[in-house]
Amino acid sequence: MREIHHRVKNNLQIISSLLNLHSQYIKDEDVLNIFSDSRNRVRSMAIIHVKLYKSKSMSKIDFGDYISELVDNIFYNYNVDETRIKLNKDMDKIYFNIDITIPCGLIVNELITNCLKHTFSNDINGEVNIDLLNIDDKYVLNVKDYGVGFPDNIDYKNTESLGLQLVNKSCRSDRWYY
């Protein structure tokens, strides 16, 4: 199993590198954003396989540690000025299997990416909070930002944005609430 996770991680890193190489030739800003978003999604899954490869348990990883590393990578990839946008994390030690980790990781990836791309554009200062808590044997994942918010003309529950569609479809399951 360790070898499988290692190979999957390597394959995902190759895909990420190919997306990065191809993006260097793209002039259209919208297409470039699609490549960047896709690369971040692939990286979010690669981190999971790195964690599983290094884990003592081949079936579960410390989800708080994973989310913390994922968010740090997203902030790094977007060259976030930490004096302008403060990141607050509160992570309980909670272990999830890969079936929970992948969709949750993609959700967090989309929320944080959207936050950095849209909420804090135009040099707006603010902060992002991400919490993973065990409250009365229920796991609560909160992602909050204190930026400009959604424009009045956008219904985030009914959008053509692939990222928000992933979030909304995942959160509508009977396993999730928000």
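Within 13 Å, Cβ to Cβ, of Leu32, how many net charges do the neighbouring residues add up to if Lys/Arg are +1 and Asp/Glu are -1?
For residues surrounding Leu32, the net value is -1.
In region 58-119, which GluC sites (Glu not before Pro) are in a loop and have at most 14 other Cβ atoms within 10 Å, using DSSP for the loop call?
Within region 58-119, the qualifying GluC sites (Glu not before Pro) (loop, at most 14 other Cβ atoms within 10 Å) are Glu82.
Between their Cα atoms, which of Lys86/Lys144; Lys51/Lys117; Lys60/Lys138; Lys51/Lys86; Lys9/Lys138; Lys117/Lys144 are more than 19 Å away from each other?
With Cα atoms farther than 19 Å apart: Lys51/Lys117; Lys51/Lys86; Lys9/Lys138.
Each value in this text was obtained by applying a stated rule to the coordinates, not by laboratory testing. Because the structure is predicted, anything quoted here is derived from the model rather than measured. A quick note on method: Cβ atoms are made from the backbone with ideal geometry, for glycine too, and the neighbour counts reach across all protein chains shown.
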